[in-house]
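Quick notes on the structure that follows.
The values are calculated or read from the model by the stated rules, or taken from the named source; none is laboratory data. Keep in mind the model is a prediction, meaning the values are calculated, not measured. Glycine also receives a Cβ, built like all others from the backbone with ideal geometry; neighbour counts cover every protein chain displayed.
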């Protein structure tokens, strides 16, 4: 993976991680176009680069994350992340197998876009307008909704926001809780991919950290990739909520549908 390819993927991750358009799908499509989608380091990079996006949320909402008097905030996140941790561990191999198959992911992109077109019609009467009003039970329910994003193309952000609105959260509150929930979720996934998971790197099994440190090129790609993802994600977070309040989900819905159809045409034409 070249540094140029890593920067492009990092920009895409930063732009799409917190939007309901599936960052994983965009990175997979990009890697497929680069022709390195089966490279184990690339797969690990696509997961671990989320660390930069995590830091963007913590920085953007630092008062919330470092308000140690708000025990309920930490409890909600801790309980809400459990479903994703358990199911993610159980279905890790199945999820990885899908990462090399862009066609079904493109189909999911289109289907998800159709659903987003209907969201504002389905959930018209929110009653929760602040994170502190979210019951623990609702937080856990949103955590189960988030698990739908284990299928690449669904979008973790979309699944958790829809789950939040189904639990009577306003758009803004659902989006912000989706940001908060992303931190423990992606931190766990990143730590697993870097320190615990065994990867087949050029015929040799090693941990992600081993692949990162095996040479200076990989280390440079990892560090610069996360830095770029952090900067871009910070900018994306600051604009997403206001954009969502002004325009709703329709722009993202039509974007998903258009991109999914174009990619289906591209990949079918290549075969």
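Counting only helices (runs of 4 or more DSSP H) that fall entirely inside the range 132-235 and contain at least 2 residues that are buried (at least 17 other Cβ atoms within 10 Å of the Cβ), under 18 Å from the mean Cα position of the chain (by Cα) and at positive phi, no element qualifies.
For the range 236-271, filtering for residues that are farther than 19 Å from residue 33 by Cβ, touching a residue at least 60 places away in the same chain (Cβ under 8 Å) and part of a helix (DSSP H, G or I) leaves 12. For the range 114-130, the condition holds for no residue, the condition being that it is crowded, with 17+ Cβ neighbours inside 10 Å, in a loop (DSSP other than H, G, I, E, B) and at positive phi.
Would it be correct to say that residue 264 is surrounded by 13 or more Cβ atoms within 10 Å (Cβ to Cβ) and more than 23 Å from the chain's Cα centre (by Cα)? No; evaluated as a whole, the condition is false for this residue. For the range 93-113, name all the residues that are surrounded by fewer than 17 Cβ atoms within 10 Å (Cβ to Cβ), modelled with pLDDT under 75 and farther than 24 Å from residue 139 by Cβ. Residues satisfying the conditions are 93, 94, 96, 97, 100, 101.
Looking only at the range 60-75, decide whether some residue is crowded, with 16+ Cβ neighbours inside 10 Å and farther than 19 Å from residue 237 by Cα. Looking through the range 60-75, at least one residue is crowded, with 16+ Cβ neighbours inside 10 Å and farther than 19 Å from residue 237 by Cα.
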